[in-house]
Each structure stands twice: as structure tokens, then as C-alpha cells.
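The structure under discussion appears below in the form of C-alpha cells.
Just so you know, all these numbers are worked out from the coordinates, no wet-lab data involved. Keep in mind the model is a prediction, meaning the values are calculated, not measured. Reconstructed Cβ throughout: ideal geometry from the backbone, glycine too, with neighbour counts over all protein chains shown.
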């Protein structure tokens, strides 16, 4: 939040010919502010806001190191930065360069994903048990008002000796396209499983209010349910999905397939590969540093202070 505020404070464009070439550590006189504001109406607000940013975030910055950062240099830098970041032709050029540079690596993404899917099927602890959504259940007060609402799951063991299982579930509307950041609920079923059985897990207050009038049919018609086994105990021995060592990038890609998650998977075949975001940042940092190395360094230091 602080970073967003800082960017908003300094993200205005300005014409700089009438902006004093005084160090930013020196307060401007009212007539200097007025003169600059006559040429650029946004200057007064900008000056006030950036002065506030300096007060809030510059206490740990070496002022001697940045004694030559002036109001004029700062505005020139910001004007150049905003012009650069708003030029869509640069984005397209960089995107085309990056995709061509890493064309071979990106072509391997699906095969890498398929490899880990097959590996997961062969080695996953999911081969020991099947968990599926079973129903919505409810308990009632004496006056027929809903007391609690439960998700019931069916547990079907595929091996003998299962003593405990921990799993996660999440759900979303069937129409929802982005399923990468769903809220996950963790449950533990802690009883022997000699055969298939069901278990009920109480919803929290928000879920209860959301589904107190729902039926099993209405839920399954509207929502998709996702279940992921985390770990389990069989015949006194613990087993975990973490034992598989499947890369986080692959898990993320399975949840959301886009250019960024594909790049993360592609990096598994070439650790020296940089992401599209890093490619953009590298280009812009070189351009901004070339424009004014001192101001570039100062703005980076300010960003660090804001993000602490």
C-alpha cells in the first residue's frame, strides 16, 4: 500500500523549465512554488506530496550521497520515466524480442508439465485414497433455524491401514476463469479407513451464511470443487505430497496457464533464462539509469524505504 502511495505521489508529469534547480532537501520558497505552478498547474500538489514522502521515508537515506538531486532533475527524470512506461510500442518490441530469444525454452513447457503430471500419477499419495465431495449437510436448532452447515466428503481407501489424512478443498463458480488464488480450507480426517466412509466438516461463519439455504444439487450445479491431498498416515508411517519435490512453478502453472507461469516452467530447462517481467525491468532500468544515474539510485532507495 505504501509503495502504491509513493508511486502516486511522484507519478505526475511536469514541464521543468521553471522548476528551481535546488536540492530536494531544501524547501522551496512560496514564490518559487507559485512560479513553477503557473507553468505547470500540477506542480504545487506534486511538491507538497513529494515533500511529505521525503519526510516519511527519507530518514535512513544518505543525504550527502544525494545532495545533487534537485527538484528540476527529479521532474526531468519522472517525465522521461512516464513517457517511457506509456510507450506501448516498446512493450511490443520487448515482448517480441523475449519470445524469440526463449522460443526453444517456451516450446518445452507442455512436455515438462506432462512429465510431472505422469510422475505425480505414479508417485503421488493420491493413489492410496480417493476423496470426493459428497453433500451439504445441516444441523438445526429446535425451532428449525439452521445451526451449522457442513461439507461432507466421501473417503474411499485404495490400500489398507490408512489412519489419518489431511486435505485441502476450495471451490469457485463454474463460470470463473481465474482459479489460481482460491481460498483453501484445510481439513483432517482422523479415524481408521477400513472401507469407504463419509466425514462432515463444519463451515466457518461466512460459509455458513453463504450456503445455509443451499442444497447439494444447487451447490454442484453452481460450483466446481477442488480437493488436494496434503499428507496421510498409513500403518504408522507418514507420507506427504512434499516428498515428490514437484517444482512450485509447475503447481502454479497447473492452476493458471499464462505467459508468466509458462516462463517460470520454461526456466526449469534453462536456469539462466529471465522472465518477461525481468526482461522489461532490465530494459527500463538501463534506460532510466542512463537518463540520470544519481536520480535513478535515489528513487530506488526511496522505494526500498517505502517497502520496509
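Relative to the longest principal Cα axis of the chain, at what angle does helix 30-39 sit, 0 to 90 degrees, rounded to 10?
So the inclination is approximately 80 degrees.
Looking at the range 261-308, what % of the alpha carbon pairs are farther apart than 12 Å? Intermediate results must be reported in sequence, preceding the final value.
Details: 783 of 1128 pairs.
Here the tail beyond 12 Å accounts for 69 percent of pairs.
How high is the relative contact order of the chain, given as a whole-number percent (alpha carbon pairs under 8 Å, six or more residues apart)? Don't jump to the answer; show the numbers that get you there.
Details: 384 pairs, mean separation 64.5, N = 308.
Taking the mean separation of contacting Cα pairs over the length of the chain, I get 21 percent.
So which residue, out of 124, 240, 139, gets the largest mean-square fluctuation from a GNM of the chain using Cα contacts under 10 Å as springs?
Result for the chain, Cα springs under 10 Å: 139 fluctuates most.
Nearest 10 degrees is fine. How inclined is helix 293-307 to the longest principal axis of the chain, computing both from alpha carbons?
40 degrees
Sorted from largest to smallest, which semi-axis lengths in Å does the alpha carbon gyration tensor of the chain give for its equivalent ellipsoid, taking the root of 5 times each eigenvalue?
Working: eigenvalues 600, 150, 62 Å².
Gyration-tensor ellipsoid for the chain: 55, 27, 18 Å.
Tell me the relative contact order for the range 139-201 as a rounded percent, counting alpha carbon contacts under 8 Å between residues six or more apart.
44 percent
Residue 82 to residue 178: FRET efficiency via 1/(1 + (r/R0)^6), r the Cβ-Cβ distance, R0 35 Å, to the nearest 0.05? Could you put the intermediate results ahead of the total?
Values: r = 29 Å, r/R0 = 0.84.
The computed FRET efficiency comes out at 0.75.
Could you tell me what a quarter of the Cα convex hull surface of the range 124-250 works out to, in nm² with one decimal place?
On the way: hull surface 36.7 nm².
Here the figure is 9.2 nm², rounded to one decimal.
Once you keep just the Cα pairs under 8 angstrom separated by 6 or more residues, what percentage relative contact order results for the range 124-250?
Numbers: 223 pairs, mean separation 40.9, N = 127.
Relative contact order, the range 124-250: 32 percent.
For the range 64-189, just the Cα set please: Rg and Dmax, both in angstrom.
27.3, 77
Given the -39500 (n - 2.57) contribution per DSSP H run of 4+ residues, what per-residue ellipticity at 222 nm results for the chain, rounded to the nearest 500 deg cm²/dmol? If you can, show how the numbers build up before the last one.
Working: 13 runs with 144 residues, N = 308.
Value at 222 nm, helices only, nearest 500: -14000 deg cm²/dmol.
Subtract the Cα-Cα distance of residue 216 and residue 29 from 0.36 nm times their separation in residues, and report this length gain in nm to one decimal. Don't skip to the answer; put the middle values down first.
On the way: separation 187, 0.36 × 187 = 67.32 nm, distance 7.01 nm.
The span from residue 216 to residue 29 would gain 60.3 nm if fully extended.
Considering the Cα trace of the range 188-308, what is its radius of gyration and what is Dmax, both in angstroms?
Rg then Dmax for the range 188-308, in Å: 24.1, 71.
Please grab the % of Cα pairs in the range 216-274 that end up more than 15 Å from each other. Could you put the intermediate results ahead of the total?
Working: 1152 of 1711 pairs.
Tail of the P(r) past 15 Å holds 67 percent of the pairs.
Can you give the angle from 0 to 90° between the axis of helix 88-101 and the longest principal axis of the chain, with both taken from C-alpha atoms, to the nearest 10?
The answer is roughly 50 degrees.
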